[in-house]
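S.K.: Okay, here's the structure, questions in a sec.
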């Protein structure tokens, strides 16, 4: 290659070019993958919303037909018969930007297992005296099926050590330590609040909402594509600098050492300056010696 672009054939620039050629498609691939993750979460959110709307219009089905709970069965209407037993409060739950608590009652079925039923929501601090007592005798409840909650996810408190009669998450793992019988790893929210309480709306299953993770995927997408622009910008900047140095060398404005390293000339100048200083010191010593003699 002739002219000022001969430097492109040097090992240093071969390494730079290989890095750029590999980095750009890799960044585009990673950015596209993160964008796909975001689009999948948006699609899951829209699908979940559509399923919840259609589920309200479907006929309620027995609980046994909908277990285990997954993305396809969350929000489906179910009907269960049993007797209410233990009642717990679930604090730190918001509804319409107001903090309150759920009234959770365990419905003991004929099979011996209990189904957690959220009978409603009340505002303010959890107070057992304010929670309406559950109906007595055999009852049949109808509501939307919900997946077991995980502490610290989807607005569920991750703290532990709740007061007696309270629980932070609605799941078999947490409730088995509070009641002396087996509990379904699912729960139901009534379509209409019991005893004047407000009904708790159906929540989307974990991983299907437009939560922080979804927008993190979108942010990572922007970062990867921005890095593509940064790589291209730095390549052109380095190329322009090398071309300018090569042209200066052709015009005799710089030496080859200046073109190659940009620091060799500075070292030589420093060495020359040091030598000059030493010569000046020697002359001064000779002059001083002559004056003394």
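S.K.: Test residue 228 against the criterion of being assigned by TED's automatic domain parsing to the domain that holds residue 91, in contact (Cβ under 8 Å) with a residue 24 or more places away in the chain and either under 21 Å from residue 107 (Cβ atoms) or assigned to a helix (DSSP H, G or I) (or both), and give yes or no.
M.R.: Answer is no for this residue.
S.K.: Kindly establish whether residue 255 is outside the structural domain of residue 96 (by TED's automatic domain parsing), at pLDDT below 85 and over 30 Å from residue 120 (Cα atoms).
M.R.: yes
S.K.: Okay, next question. Can you find a residue that is within 31 Å of the chain's Cα centre (by Cα), in a loop (DSSP other than H, G, I, E, B) and free of Cβ contacts under 8 Å to residues at least 12 places away in the same chain anywhere in segment 185-205?
M.R.: No, segment 185-205 contains no residue that is within 31 Å of the chain's Cα centre (by Cα), in a loop (DSSP other than H, G, I, E, B) and free of Cβ contacts under 8 Å to residues at least 12 places away in the same chain.
S.K.: While we're looking at this one, here's another question. If I go through segment 131-145 residue by residue, how many of them are surrounded by 21 or more Cβ atoms within 10 Å (Cβ to Cβ) and more than 14 Å from residue 120 (Cα to Cα)?
M.R.: Quick first cut of segment 131-145, residues surrounded by 21 or more Cβ atoms within 10 Å (Cβ to Cβ) only: 131, 141, 143-145.
Retained after the next criterion (residues that are more than 14 Å from residue 120 (Cα to Cα)): 145.
So the count comes out to 1.
S.K.: Another question, then. Kindly provide the set of residues from segment 138-164 that are at pLDDT 95 or above and part of a loop (DSSP other than H, G, I, E, B), ordered by number.
M.R.: none
S.K.: Given the options 112, 100, name the one that is touching a residue at least 60 places away in the same chain (Cβ under 8 Å) and assigned by TED's automatic domain parsing to the domain that holds residue 157.
M.R.: Being touching a residue at least 60 places away in the same chain (Cβ under 8 Å) and assigned by TED's automatic domain parsing to the domain that holds residue 157 holds for just one of 112, 100, which is 112.
S.K.: In this structure, does residue 92 turn out to be surrounded by fewer than 22 Cβ atoms within 10 Å (Cβ to Cβ) and either part of a loop (DSSP other than H, G, I, E, B) or assigned by TED's automatic domain parsing to the domain that holds residue 168 (or both)?
M.R.: yes
S.K.: Can I ask one more? For the structure I just gave you, tell me whether residue 120 is assigned to a loop (DSSP other than H, G, I, E, B), closer than 21 Å to residue 169 by Cα and either under 32 Å from the mean Cα position of the chain (by Cα) or modelled with pLDDT of 95 or more (or both).
M.R.: Answer is no for this residue.
S.K.: Does segment 170-179 hold any residues that are buried (at least 16 other Cβ atoms within 10 Å of the Cβ) and free of Cβ contacts under 8 Å to residues at least 60 places away in the same chain, and which are they?
M.R.: If the condition is that a residue be buried (at least 16 other Cβ atoms within 10 Å of the Cβ) and free of Cβ contacts under 8 Å to residues at least 60 places away in the same chain, then 171, 172, 174 are the ones that fit.
For every residue, the table says whether it meets (1) loosely packed, with under 14 Cβ neighbours inside 10 Å; (2) at pLDDT 85 or above; (3) touching a strand residue (DSSP E or B) at 6+ places or on another chain (Cβ under 7 Å).
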site	(1), (2), (3)
18	yes, yes, no
38	no, yes, no
43	yes, no, no
52	no, no, no
57	yes, no, no
61	no, yes, yes
69	no, yes, yes
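The values are calculated or read from the model by the stated rules, or taken from the named source; none is laboratory data. Owing to the predicted nature of the structure, the values given are computational and were not obtained by experimental measurement. All Cβ positions, even for glycine, are placed from backbone atoms using ideal geometry, and neighbour counts span all protein chains on display.
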